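Here is the structure we will look at, set down as structure tokens.
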Amino acid sequence: MTKRLTAIDREALERAIAIDRQRDCATRKQIDDKLEREPWREVAEFAVYGCQCTALHLKPWQPPPCWAEIDDQDNEAGPISGHRAAAELLRRLLAAGLSRYEPDPVKALDRVERAA
């Protein structure tokens with residue numbers, strides 16, 4: 001069952017689409033084509049995945065916080081798997097009143113901390 005989006009989630013996903021569309025011409029076309037034939041939420045989650053992986057400099061095997069669960073632990077590969085780090089970042093985002101779908105989680109947390 002798909003979790004219902006909050007207004008905060010939807011706004012973060014909208015920003016992710018906008019950011020991803022600005023990356024380059026090929027990505028803009030890819031997002032636009034996907035928006036024509038796929039549900040908006042699937043396209044938005046695709047875009048935020050790319051944004052978070054880029055912003056966090058993740059390795060291909062490391063999950064971004066948008067894929068994490070709060071209680072995730074590292075697998076047999078250890079800390080290099082990135083599961084625990086993604087879960088920790090997700091916990092920080094949610095505790096700050098932000099969305100798991102923040103396109104740049106670290107910048108979003110910095111912005112909240114500076115405002116506090």
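Worth a mention:
- Consider region 24-50 and keep the residues that are basic (Lys, Arg) and over 22 Å from residue 108 (Cα atoms). The one that is most open to solvent (accessible area, probe 1.4 Å) is 37.
- Those helices (runs of 4 or more DSSP H) lying entirely in region 24-116 with at least 3 residues within 15 Å of residue 9 (Cβ to Cβ) and out of contact with any strand residue (DSSP E or B) (no Cβ under 8 Å at 6 or more places or on another chain): 40-56, 83-95
- Scanning region 72-99 for residues being surrounded by fewer than 15 Cβ atoms within 10 Å (Cβ to Cβ) and touching a Lys or Arg at 6+ places or on another chain (Cβ under 9 Å) gives a total of 3.
- Residue that is farthest from residue 104 (Cα to Cα), among those in region 1-23 that are among the aliphatic types (A, V, I, L, M) and in a helix (DSSP H, G or I): 7
- The condition (being without any contact (Cβ under 8 Å) to a residue 24 or more places away in the chain, more than 13 Å from residue 103 (Cα to Cα) and touching a Cys at 6+ places or on another chain (Cβ under 9 Å)) is satisfied by just one residue among 60, 39, 79: 60.
The values are calculated or read from the model by the stated rules, or taken from the named source; none is laboratory data. The shown structure was predicted, so the numbers you read here are calculated from the model rather than taken from an experiment. We place every Cβ from the backbone using ideal geometry, glycine too, and count neighbours over all the protein chains shown. Calculation scope for accessible area: heavy atoms of the full protein, side chains included, ligands and nucleic acids excluded. Shrake-Rupley method; radii C 1.70, N 1.55, O 1.52, S 1.80 Å.
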